[in-house]
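Have a look at the structure below before the remarks.
The values are calculated or read from the model by the stated rules, or taken from the named source; none is laboratory data. A quick note: this is a predicted structure, and the numbers were derived from the prediction, not measured. So basically every Cβ, Gly included, is an ideal-geometry build from the backbone, and we count neighbours across all protein chains shown.
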Amino acid sequence: MGVVDGFKGAGLFAKIAVVLLLIATLFVWIAYTCTGWGEAKSGTADRIHIGLWRICSDNKYTPGCSQTDGWANDWFAACQALVTFGFFGINVALFLLILYMFVPSCQKNGEITMATAIICIVTGVLYLIGVIVFAAKLKEDRGDFELSYCFGLSVVALILEIAAGVLAILDSKEGGTSPSA
């Protein structure tokens, strides 16, 4: 059985869920690795960009980045941990859903769809908490910072992840993927 047959044999909810998770995976990989979570202007020409793992400046005299690993900042460490759970959750859920749709021995296996749904919903909520902590504490600690594009990508990714979890539950109730003849 090929990929096309597996996709054709999948239920509508599983098809939508895999598309949502593919988009969420793209967004979460960008957001997780870039420094566009927050941005601040210091003066008129210089900008400071903060991400989960680096803080960078585009000052023309002293440009560069420094690592944020090991900051003695509890809220930032909590945010990193919660977003990391969401990051891995999206990736694992996509892997499980691909197994469910395209591997003949995994089709019609309700345990895989329920595991996918649980992972999506639980890690999506953890991701949401991490995003909320980042937004609230960044504004509280540094009022001159504004949320940026990676923060927005993260919000979209976690919404898509939770929606995919709900669709996985609906697919398991509908009867799931049927093997192609």
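Structural remarks
- Just one of the listed residues (I121, I132, I98) is without any contact (Cβ under 8 Å) to a residue 12 or more places away in the chain, among the β-branched types (V, I, T) and part of a helix (DSSP H, G or I), namely I132.
- Qualifying residue in region 117-124 (condition: modelled with pLDDT of 90 or more and of a type in the set (S, T, N, Q)): yes
- Count of region 115-169 residues, restricted to those that are within 21 Å of L96 (Cβ to Cβ) and touching a Cys at 6+ places or on another chain (Cβ under 7 Å), is 5.
- Filtering region 87-107 to residues that are farther than 17 Å from A168 by Cα and within 9 Å of the chain's Cα centre (by Cα) leaves F87, F88.
- Test for K60: is it more than 29 Å from G11 (Cβ to Cβ), in contact (Cβ under 8 Å) with a residue 12 or more places away in the chain, of a type in the set (D, E, K, R) and assigned to a helix (DSSP H, G or I): no
- Of all residues assigned to region 37-54, none qualifies as being at pLDDT 85 or above and in a helix (DSSP H, G or I).
- Test for A135: is it at pLDDT 90 or above and surrounded by fewer than 21 Cβ atoms within 10 Å (Cβ to Cβ): yes
- Check on A81, hydrophobic (A, V, I, L, M, F, W, C), part of a helix (DSSP H, G or I) and touching a residue at least 40 places away in the same chain (Cβ under 8 Å): yes
- Selection of region 112-132 for residues being surrounded by 21 or more Cβ atoms within 10 Å (Cβ to Cβ) and either under 14 Å from G36 (Cβ atoms) or among the hydrophobic types (A, V, I, L, M, F, W, C) (or both) yields I112, A117, I119, C120, V131.
- Of S154, S178, S172, all but one fail to be crowded, with 18+ Cβ neighbours inside 10 Å, over 18 Å from N73 (Cα atoms) and at pLDDT below 90; the exception is S172.
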